[in-house]
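Derivation of every value follows stated rules applied to the coordinates shown; laboratory data play no part. For clarity, every value in this text was computed on a predicted model and none was experimentally measured. For neighbour counting, all protein chains shown are included, and Cβ atoms are generated from backbone atoms with ideal geometry for every residue, glycine included.
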Amino acid sequence: QRKNPFSNDSRLATKPVHTHRGDPTYGRPPEGSQTEQRGKDAHSHVGKEVEELCLIIRSTGEVGEDGHVSVTFGKLFETYVTISNKVVGILLRARKHGLVHFEGEMLWQGKDDDVIITLL
């Protein structure tokens, strides 16, 4: 569309052609765009779900000798699945942020029900 002589859209002329890996705007939506706002909203929503998951672990788990609260994946899945069907994805996000610890890359219902999830 940038070179379309029939286009009357002046916004096309102001957009940069390409950004490169070294550019701070590379891989990011334009500032002030609806895409940027949707990304911020999604990030906030996931953050709230991670907080809720930590509260559920704290309320359903047991305090161990080290003072950390732990719960099995099976018990957490049964409790949390009624709230959200994304429990595994939220667990992975919480681990990425250093809020929980568990062994393995991925947790599967049934197979990993005995895996211990520890709130850090």
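Choose one of 108, 53, 32: the residue whose Cα lies farthest towards the positive end of the charge dipole of the chain (beta-carbon charges +1 Lys, Arg; -1 Asp, Glu; about the Cα centre).
Of 108, 53, 32, it is 32.
Modelling each spin label as a point 7 Å along the Cα-to-Cβ direction, I'd like the residue 118/residue 79 distance in nm, to one decimal.
Taking the simple label geometry, residue 118 and residue 79 are separated by 1.8 nm.
Could you work out the helix-only [θ] at 222 nm for the chain, with each DSSP H run of four or more residues adding -39,500 (n - 2.57) and the total divided by the number of residues, to the nearest 500 deg cm²/dmol?
It comes out at -12500 deg cm²/dmol, rounded to the nearest 500.
Over segment 49-119, what is the mean sequence separation of C-alpha contacts under 8 Å (at least six apart), divided by residue count, expressed as relative contact order in percent?
Values: 88 pairs, mean separation 28.1, N = 71.
Relative contact order comes out at 40 percent.
Counting only C-alpha contacts under 8 Å and six or more residues apart, can you give the relative contact order of the chain as a whole percent? Please list the in-between numbers first.
Working: 106 pairs, mean separation 26.3, N = 120.
Relative contact order, the chain: 22 percent.
Roughly what would the spin-label model give for residue 23 and residue 101, points 7 Å off Cα along C-beta, in nm?
Computed distance between label sites residue 23 and residue 101 equals 4.3 nm.
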